[in-house]
Amino acid sequence: MIPQPPNQPVLGPSAFVIHVNVVPQSGSIQLAGRALNFPSNAGYAGARLDVFKVNSTTGRRTTQVPLATYQLTGDGSFGPFNGSGTDSYEFAITKGDQVHHQYFPPFRRTDLGIRLLTNDSGTGADLLIRHGPNHAAVLSYRNKEWWGDQGANSDTLSLNGTNALNATTAPRSKRAIAVFAYDAKADRVSHPTDSLGAFPALPFMTGVDLYLPASPLALGSVQVESRQRGGTETTRFAIPNWPSDRHRVTIYFDDYTQSG
């Protein structure tokens, strides 16, 4: 046996936290990327992409005129367009009468590799989601696993005041990076600790039964709060409460915590 040096600290989950300070780039930044069909990663085509600047607190568009519009063809490429390192954006993909709203925190610096993951309504992972005119369906996505069973070392992800992460929906062993929240029983009641359908057997994805009331014109909101394990900052914002019969929503979260 190799002797171990004395008085060495034992590293727990909270020790493995990435803290960085990404300073917003001054002046205009360039934003571009691809819309991709999940899970094949083939280019998403035959749709329109509208980019809107949104209020970082309410998620509402600051103008009804898009900042940029693209017809998605071929490999799904879009951009580049001029943006700001301090602004928040909505990328709305419209195909037929279905719209997929995708919300991002400020990019802070030029990013030419944005990935918008989507698919046709009623295909792929969308087959697992219950849709309806009375509730919103929200996907929270982060390229760092969500933990809900690690006590003080867990993440939190609250939608309208209910934490979607717990030992059932997001155990550390699940390695979930995508959390789908929707009214699974269409009963207008949340059951956040229930197992949902096929999600327990699927890698990297999980589902939680949360009733998020919607309105026909999305005049209300879904309030979102998240805190990363080991971090001290709570991210707070809101998005319009789009009805899930015609609208899907993805919220992208940073996979690091700001140190300054």
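General remarks:
- For beta carbons closer than 7 Å, sequence separation of 6+ or different chains, a first residue in region 245-260 that is among the aliphatic types (A, V, I, L, M) and a second that is at pLDDT 90 or above and part of a loop (DSSP other than H, G, I, E, B), the qualifying pairs are Val249/Ala136; Val249/Ala137; Val249/Trp242.
- Scanning region 236-260 for residues that are in a strand (DSSP E or B), crowded, with 17+ Cβ neighbours inside 10 Å and not aromatic (Phe, Trp, Tyr) yields Ala238, Ile239, Pro240, His247, Arg248, Val249, Thr250, Ile251, Thr257.
- Each residue in region 204-228 was checked for being crowded, with 18+ Cβ neighbours inside 10 Å and aromatic (Phe, Trp, Tyr), and 1 pass.
- Residues (surrounded by 15 or more Cβ atoms within 10 Å (Cβ to Cβ), free of Cβ contacts under 8 Å to residues at least 40 places away in the same chain and over 16 Å from the mean Cα position of the chain (by Cα)) located in region 74-96: Asp87
- So Ala238, is it over 17 Å from the mean Cα position of the chain (by Cα) and touching a residue at least 12 places away in the same chain (Cβ under 8 Å): no
- Listing of strands (runs of 3 or more DSSP E) fully contained in region 1-79 that carry 1 or more residues being modelled with pLDDT under 95 and out of contact with any Leu (no Cβ under 8 Å at 6 or more places or on another chain): 28-37
- Unmet criterion (only one of (1) at pLDDT 90 or above; (2) buried (at least 18 other Cβ atoms within 10 Å of the Cβ)) for Gly231: (1)
- Criterion: among the β-branched types (Val, Ile, Thr) and in contact with a Lys or Arg (Cβ under 7 Å, 6 or more places away or on another chain) - qualifying residue of Thr118, Thr162, Thr123, Thr156: Thr156
Residue-by-condition table, conditions (1) β-branched (Val, Ile, Thr); (2) in contact (Cβ under 8 Å) with a residue 40 or more places away in the chain:
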{"residue": "Gln30", "(1), (2)": "no, yes"}
{"residue": "Pro39", "(1), (2)": "no, yes"}
{"residue": "Thr57", "(1), (2)": "yes, yes"}
{"residue": "Arg60", "(1), (2)": "no, yes"}
{"residue": "Thr69", "(1), (2)": "yes, no"}
{"residue": "Leu72", "(1), (2)": "no, no"}
{"residue": "Gln98", "(1), (2)": "no, yes"}
{"residue": "Asp111", "(1), (2)": "no, yes"}
{"residue": "Pro133", "(1), (2)": "no, yes"}
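The values are calculated or read from the model by the stated rules, or taken from the named source; none is laboratory data. As the structure is a prediction and not an experimental result, all values here were calculated from the model. Here Cβ is always computed from backbone atoms with ideal geometry, including for glycine, and neighbour counts include all displayed protein chains.
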